[in-house]
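Right, one structure below, let's go through it.
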Amino acid sequence: KAGVTQTPRYLIKTRGQQVTLSCSPISGHRSVSWYQQTPGQGLQFLFEYFSETQRNKGNFPGRFSGRQFSNSRSEMNVSTLELGDSALYLCASSPSQDPKTQYFGPGTRLLVL
Amino acid sequence: GENVEQHPSTLSVQEGDSAVIKCTYSDSASNYFPWYKQELGKRPQLIIDIRSNVGEKKDQRIAVTLNKTAKHFSLHITETQPEDSAVYFCAAKVVIDFNKFYFGSGTKLNVKP
């Protein structure tokens with residue numbers, strides 16, 4: 001099976017712009033989680049989607065949002081970008097039969113200038 | 001919510017020595033603890049995990065121990081090799097809390113040949 005894929009891999013934006021990142025989970029996986037990774041902060045949980053519904057949400061401002069489509073692909077959107085949003089954004093998918101196991105994508109590296 | 005602390009932030013060992021990375025968690029309801037390895041420029045990969053009904057789990061040169069009373073768990077790598085050099089993350093979650101993982105801030109392990 002193909003692994004988790006994310007597009008784009010790299011992105012440069014300026015403050016105030018918005019950005020949309022995409023994640024395609026492993027075929028058959030219905031859960032998709034998003035994380036923000038910054039140096040020294042580890043991975044911080046953004047939100048998790050399952051069957052097009054947000055099941056969990058981390059402690060991020062409302063500028064961060066997401067959605068999931070019927071084919072389990074997920075997008076996350078960040079509006080009104082700030083310099084501090086520069087990070088690696090990782091998504092991970094999990095199979096229904098083993099929901100605790102996460103398979104990560106390669107990430108999208110976002111640089112906000 | 002859960003708070004996971006990880007120490008040390010960097011660890012340098014000589015090839016063949018052992019390495020120990022420690023994590024503490026705050027929420028006694030957490031009962032699943034995975035460890036991830038992230039090589040430079042690559043995605044995090046699950047290397048070992050432990051559930052709260054088990055005190056120790058071993059997989060070849062890697063072992064994880066859990067002390068529920070003290071709320072801490074540790075990763076032990078024996079006979080380290082240069083290819084063990086990476087950033088290691090611990091995480092905690094409540095199994096029934098869907099896929100909301102709380103990660104430590106990471107430990108950069110450098111194994112010197």
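The values are calculated or read from the model by the stated rules, or taken from the named source; none is laboratory data. Keep in mind that what you see is a predicted model, and the values were worked out from it rather than measured. Note that we place each Cβ from the backbone using ideal geometry, even for glycine, and neighbour counts take in every protein chain shown. Calculation scope for accessible area: heavy atoms of the full protein, side chains included, ligands and nucleic acids excluded. Shrake-Rupley method; radii C 1.70, N 1.55, O 1.52, S 1.80 Å.
Heavy atoms only, probe 1.4 Å: what % of the accessible area of chain B goes to carbon and sulfur, would you let me know?
On the way: 2700 of 5740 Å².
About 47 percent, which is the carbon plus sulfur part of the accessible surface.
Averaged over peptide B:10-16, how many Cβ atoms belonging to another chain are found within 10 Å of each residue's Cβ? It would help to have the intermediate numbers written out before the result.
Details: counts 0, 0, 0, 0, 0, 0, 0.
The shielding value for this peptide is 0.
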Problem - Net charge over other residues, Cβ less than 12 angstrom from the Cβ of A:Gly84 (K, R count +1; D, E count -1) - result: 0
Exercise for the section: Counting only C-alpha contacts under 8 Å and six or more residues apart, can you give the relative contact order of chain B as a whole percent? Expected result: 37
Completion exercise
Spelling it out for B:Asp17: with amide H atoms placed in the peptide plane at 1.01 Å from N, the residues 5 or more places away or on another chain with amide H under 5 Å from its amide H are B:Thr80
Fill in the blank from the handout: Applied in sequence order to segment A:95-102, the curve 6.51 cos²θ - 1.76 cosθ + 1.60 (Karplus, θ = phi - 60°) yields integer Hz couplings, x standing for Gly and Pro, of x, 4, 6, 8, x, 7, 8, 10
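Could you please report the charge total around A:Phe104, scoring K, R as +1 and D, E as -1 over all other residues with beta-carbon less than 10 angstrom from its beta-carbon?
Residues near A:Phe104 contribute +2 overall.
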Completion exercise
Phi-derived 3J(HN,Hα) across segment A:36-52 with the Karplus relation (6.51, -1.76, 1.60, θ = phi - 60°), rounded Hz, x for Gly and Pro, is 10, 10, 10, x, x, 10, x, 9, 10, 5, 9, 6, 9, 10, 9, 6, 6
Handout entry: 26 Å Cα-Cα threshold exceeded, pairs from B:Lys37/B:Lys93; A:Lys1/B:Lys112; B:Lys57/B:Lys93
Key = A:Lys1/B:Lys112
Problem - In sequence order, calculated HN-Hα J values of segment B:47-62 (Karplus, 6.51, -1.76, 1.60; Hz; x Gly/Pro) - result: 10, 6, 8, 8, 9, 5, 8, 10, x, 8, 9, 10, 9, 6, 8, 10
Exercise for the section: Beta carbons within 10 angstrom, averaged per residue: use that to sort the peptides A:25-34, B:8-17, highest first. Expected result: A:25-34, B:8-17
Problem - Rg/Rh for the protein assembly as shown, where both radii come from Cα atoms and Rh is the Kirkwood radius - result: 0.97
